[in-house]
Amino acid sequence: MALLAATGILFSCAPLSKEVMRQVDETLTYQTVQKNPENFLGKTVLWGGVIVKTTNRQGETILEVRQSEMDLEKRPKNLDSSAGRFVVRHAGFLDPVIYKEGRLVTIAGEIAGKEALPLGGIQYTYPVILAKEIHLWEKIDPRLYRYPYWDYPPFWGPYGYPYGYPYWRHRPYWW
Amino acid sequence: MIVLTAFLAACTQAIPKESLNKVDPNLSFQMLIKDPESYQGKNILVGGQILEVNVREGESWVEVLQKPLDWQHRPKDTDESAGRLLVRFQGFLDPAIYTAGKKITVVGEVQGKKVQPLKEMDYAYPVLIPREHHLWKPEDSSSPRFHFGIGVGVGIHR
């Protein structure tokens, strides 16, 4: 029962809707599918990574994503190691200024095959997925993750708030 | 106390009341972007992040990525956006001041739409003629907005 509850919590942590999460086959990792996407046509996968390039066509947006591992929340992590890249096709417009190079995404999508595109001097074969749901992770402002509160340098101005910013990441003074 | 509040409120007003009064309260940017032409002549309050400024003879076109506004009418730091728009200024706006990334809030009259290429597609931008605008200082958005202070005054009475 406790396990069920825990699973429930973990599921609710995922940034995508339950309907989509139910369709996802979590065993189909990027590494499994990469070599032969054709064997998995129509399956729904949940992959994450870093946007490398955004292309807007009439009625369609194409994201090129560099795959990464994901944490329990399904947020991409260990961004410097990657098993490869993939292409996400989204029916509709995603603004390239928001869905920009370097941003983290987690995507549930249906495997639609592969596509070979030039990358540097080679032809790179990308697995292609049709997006069902895309979650764009908020940018982490490095200023928010400087020091733990007990090791925070005293800094009082001109806009200083001595416990760092934003205040809700730290305990209020009366705790 | 009332005077103080009024003073604070006046301080935070980026867009003057007279201009705000002209804004059509029923017109949202979400409605406008779907069909810019049907709202011609209406005034809208909209803000966002500057993407590009194009200076032409006698006018300057500012491309803005719309963002929701906070209570001060300052565009928020968020990924939420309903789309892009063009603001057509009369005269010269220096692109070195109106740089990409800065935030701007505009009250403007809807002029119509303009279709422009965006990467490999065509994007239909609503076009506004600005009546009033406010360019936010870059540090405005990242610094905390409330500062409380306690002051001690010393007076000498004779």
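Among the helices (runs of 4 or more DSSP H) contained in region B:1-81, which hold 3 or more residues that are modelled with pLDDT of 95 or more and open to solvent by less than 40 Å² (accessible area, probe 1.4 Å)?
Values: elements: B:2-11, B:17-22, B:29-34.
Correct list: B:29-34.
Quick check: is even one residue across region A:125-138 within 14 Å of chain B (Cβ to nearest Cβ), at pLDDT below 95 and open to solvent by 40 Å² or more (accessible area, probe 1.4 Å)? Among the residues of region A:125-138, at least one is within 14 Å of chain B (Cβ to nearest Cβ), at pLDDT below 95 and open to solvent by 40 Å² or more (accessible area, probe 1.4 Å), which makes the answer yes.
Checking the structure you have, find out if any residue of region A:44-53 is in contact (Cβ under 8 Å) with a residue 40 or more places away in the chain, within 23 Å of A:Met21 (Cβ to Cβ) and within 14 Å of chain B (Cβ to nearest Cβ). Please lay out each step first, then the result.
Residues of region A:44-53 in contact (Cβ under 8 Å) with a residue 40 or more places away in the chain: A:44-53.
So of that shortlist, the ones also within 23 Å of A:Met21 (Cβ to Cβ) come out as A:44-51.
Subset that is within 14 Å of chain B (Cβ to nearest Cβ): A:51.
Checking region A:44-53: at least one residue is in contact (Cβ under 8 Å) with a residue 40 or more places away in the chain, within 23 Å of A:Met21 (Cβ to Cβ) and within 14 Å of chain B (Cβ to nearest Cβ).
Scanning region B:33-87 for residues that are more than 20 Å from B:Gly112 (Cβ to Cβ), touching a residue at least 40 places away in the same chain (Cβ under 8 Å) and among the basic types (Lys, Arg) turns up just one, B:Arg74.
Looking at region B:82-102, which of the residues that are within 14 Å of chain A (Cβ to nearest Cβ) and of a type in the set (A, V, I, L, M) is surrounded by the fewest Cβ atoms within 10 Å (Cβ to Cβ)? By that ranking, first place goes to B:Ala100.
For region B:88-111, give me each residue that is polar (S, T, N, Q) and touching a residue at least 60 places away in the same chain (Cβ under 8 Å). Steps first, answer last, please.
Pass one, region B:88-111, residues polar (S, T, N, Q): B:90, B:99, B:105, B:111.
Within region B:88-111, B:Thr105, B:Gln111 qualify.
I'm trying to understand the selection: among the residues of region A:82-106, which are β-branched (Val, Ile, Thr) and either within 13 Å of another protein chain (Cβ to nearest Cβ) or touching an Asp or Glu at 6+ places or on another chain (Cβ under 7 Å) (or both)? The answer is A:Val87, A:Val97, A:Ile98, A:Val105. I'm trying to understand the selection: among the residues of region B:112-129, which are more than 11 Å from every other protein chain (Cβ to nearest Cβ) and either surrounded by 18 or more Cβ atoms within 10 Å (Cβ to Cβ) or not in a strand (DSSP E or B) (or both)? Answer for region B:112-129, where residues must be more than 11 Å from every other protein chain (Cβ to nearest Cβ) and either surrounded by 18 or more Cβ atoms within 10 Å (Cβ to Cβ) or not in a strand (DSSP E or B) (or both): B:Lys113, B:Tyr125, B:Pro126, B:Val127, B:Leu128.
For B:Leu51, the stated conditions do not hold, so it cannot be described as of a type outside the set (Gly, Ala, Ser), farther than 17 Å from B:Arg131 by Cα, under 16 Å from the mean Cα position of the chain (by Cα) and more than 14 Å from chain A (Cβ to nearest Cβ).
The values are calculated or read from the model by the stated rules, or taken from the named source; none is laboratory data. Just so you know, these numbers come straight off a predicted model, no measurement behind them. Note that we place each Cβ from the backbone using ideal geometry, even for glycine, and neighbour counts take in every protein chain shown. These area figures cover heavy atoms from the full protein model, side chains too; ligands, DNA and RNA do not enter into them. Shrake-Rupley method; radii C 1.70, N 1.55, O 1.52, S 1.80 Å.
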